[in-house]
1. Based on this model, can you work out whether L470 counts as buried (at least 18 other Cβ atoms within 10 Å of the Cβ) and in a loop (DSSP other than H, G, I, E, B)?
2. When the residues of segment 514-527 are filtered to those that are closer than 19 Å to E342 by Cα and over 15 Å from the mean Cα position of the chain (by Cα), which remaining residue is surrounded by the fewest Cβ atoms within 10 Å (Cβ to Cβ)?
3. Hey, any hits in segment 496-504 for a residue that's under 28 Å from T316 (Cβ atoms) and in a loop (DSSP other than H, G, I, E, B)?
4. I'd like to know if segment 561-584 contains one or more residues that are open to solvent by less than 50 Å² (accessible area, probe 1.4 Å), over 22 Å from V194 (Cα atoms) and in a helix (DSSP H, G or I).
5. Got at least one residue in segment 295-308 being surrounded by fewer than 23 Cβ atoms within 10 Å (Cβ to Cβ), farther than 28 Å from P407 by Cβ and polar (S, T, N, Q)?
6. R509 - would you say it is buried (at least 21 other Cβ atoms within 10 Å of the Cβ) and either within 26 Å of G51 (Cβ to Cβ) or among the hydroxyl-bearing types (S, T, Y) (or both)?
7. Would it be correct to say that R409 is basic (K, R) and out of contact with any strand residue (DSSP E or B) (no Cβ under 9 Å at 6 or more places or on another chain)?
Amino acid sequence: MDRSGTSRGTSRRTFMAGAAAVGGTAALASAAGITSAAAAPAPGSVAVLGGGVAGLTAAHELAERGFAVTVYERRALGGKARSMDVPGSGRGGRRPLPAEHGFRFIPGIYHNLPDTMRRIPFPGNANGVWDNLVAPPEMSFARTGREDLRIPLPWPGHRPAELTLDEIRRALTAMLDTALGIPAHETAYFQNRVLVFLTSCDERRDEVWERTPWWDFIRAERMSYDYQRMLAIGLTRNIVATKAEEASTRTVATLLEAFVFNALGRGADGPLDRILDAPTNEAWIDPWVAHLTSLGVRFRVGWSVREMAYGDGRITAAVVEDPQGARRAVTADHYVSAMPVEHARRTWGPALRAADPQLARCDRLHTDWMTGIQFYLTERAPLLHGHLNCVDSPWALTAIQQAGHWPDRDFPADYGDGTVVDCLSVDVSEWDRPGILYGRTAKQCTRAEVAKEVWAQLKAALNDTGRTVLKDSALHSWFLDPGVDGLGTPNPTNEDELLIHPVGTFHLRPTAATAIPNFYLAGDYVSVDIDLATMEGANASARQAVNALLNRTGSAAPRCTVTPLFRAPEFEALKRHDRARLRWGLPNAFDLG
């Protein structure tokens, strides 16, 4: 949207109103004890249960192939990927301050999600909303008590970040400090471990390395503090947003391999790091919903799925609760469950689980807290132009200052009360370790205490070498994800937990096609090539669900393309050799132990 309030697009509220109007009659049918709704749906109808990235992707692919699709979403379209308004923050005709569950990150290793983005029209863009992606030129590892390590992210056509002489001096100091802090023999050992994984066959990856924690694989316990913080914890947090001590080597190293080749320009959709050039709903979600509405997709927002009714070997209805609290039976020819795993598995009863044992295995998938908080500033902080990782922070903070990446937005003119010039968006990945201000975990703190603690940890990481990067006087306000509730009480809750990847969980992931002929799964927990809770995984799983539906119905419609992560062909011969060694009970040829 431009500053006049007209297009680039319309407002989120306008899109929601339009979607609700188009979806005036849902595919609902009566069931015993449940409010009767509309007549039975026409053949080829699909109920998509969940309106996050997985659900919207499934609806997109199905609608393009002629299916009648209705999306049921309990809260807001876009799911964890959406942006949201800070209530009551807009003044003088400005829009409310933009907030989010966590900042968006769409790296060049993604292929399926970018393909979808290219197919979402956006005024003035030849490549749809994909053209709304911008590439930060650098990233940083922020060290407490030491100079921050700034890392350039080169890419053809990239304009390097402009640095002052003082910033250049600090960058060189940080590079030398890091180089001297990790002994040469530890660096060589880490390089060897990467080589071992690159040349490991799929069977060794899936069995041996899937059951080996990344922390153990790189022998972090025996190494220096800097090795642990940078190569074990820092890399893991950047790549997979999980804990190095628990994450499987298969998960961490597979993504590290993809990022390395992305940086080398191999098999990449674009630069290593990409973000949107405006709040997520403005740049992506609202145009997507508008496009799906134009394809005939109907939306039911505020409808919560309670149970998948099962009988005679099929799903007979999705039992939902409408915004007024009435229970209804949604009937369709096919059902795509596109909810997060912690919500989806609550809807699977004993009979359904017995019909497909992989559903019961999903109870052993783990989720954890990773939640965003935004700080609104009246002065732009002199931070780098990209993401920063506060590798020494107890609460595992990562952040990005957003306004500088939104070239078509005049932040104080467009948002808030006119005094806010930027938004520092922070992800809090560790909620169970004591902080530095109160000595309590994030879950034990109140919402206000969480904000004060995160701000203190940010200042400890950034205001520590003679510069005042963050000023208390510049802090206008903050906004913590509303999905978090009950903080400071014995039973805090989080509506938007993140799937994590402890060892062995790769084998618990279900396939998109279930044993029930009209029931399919889509979401970042479904088994796809990218073994990570990502928007790319959600998108790829939805494509696989649609393909399974097309196969079962014998449809002549074209199948969705599902692009795997890039695999460098020059390593295939070494992987074949490793496969033979694995069969003989031998370690990888490069494994020094």
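The values are calculated or read from the model by the stated rules, or taken from the named source; none is laboratory data. What you are looking at is a predicted structure, and each value in this text was computed from that prediction instead of being measured. Quick reminder, even Gly has a Cβ in these numbers, built from the backbone with ideal geometry, and neighbours come from all protein chains shown. To get the accessible areas, we keep the full protein, side chains included, count just its heavy atoms, and leave off ligands, DNA and RNA. Shrake-Rupley method; radii C 1.70, N 1.55, O 1.52, S 1.80 Å.
1. yes
2. To start, the set of residues in segment 514-527 that are closer than 19 Å to E342 by Cα comprises 514, 519-527.
Now drop any that are not over 15 Å from the mean Cα position of the chain (by Cα), which leaves 514, 519-521, 527.
On the way: T514: 22, F519: 25, Y520: 29, L521: 30, S527: 18.
Among residues in segment 514-527 that are closer than 19 Å to E342 by Cα and over 15 Å from the mean Cα position of the chain (by Cα), the one surrounded by the fewest Cβ atoms within 10 Å (Cβ to Cβ) is S527.
3. Scanning segment 496-504 turns up no residue that is under 28 Å from T316 (Cβ atoms) and in a loop (DSSP other than H, G, I, E, B).
4. Looking through segment 561-584, none of the residues is open to solvent by less than 50 Å² (accessible area, probe 1.4 Å), over 22 Å from V194 (Cα atoms) and in a helix (DSSP H, G or I).
5. Yes, there is a match, as at least one residue in segment 295-308 is surrounded by fewer than 23 Cβ atoms within 10 Å (Cβ to Cβ), farther than 28 Å from P407 by Cβ and polar (S, T, N, Q).
6. Spelling it out, R509 is indeed buried (at least 21 other Cβ atoms within 10 Å of the Cβ) and either within 26 Å of G51 (Cβ to Cβ) or among the hydroxyl-bearing types (S, T, Y) (or both).
7. So R409 fails the test.
Per-residue answers, yes or no, for (1) β-branched (V, I, T); (2) out of contact with any Cys (no Cβ under 8 Å at 6 or more places or on another chain); (3) open to solvent by less than 40 Å² (accessible area, probe 1.4 Å):
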residue	(1), (2), (3)
V420	yes, yes, yes
D427	no, yes, yes
G439	no, yes, no
R447	no, yes, no
L458	no, no, yes
A461	no, no, yes
G486	no, yes, yes
P490	no, yes, no
P502	no, yes, yes
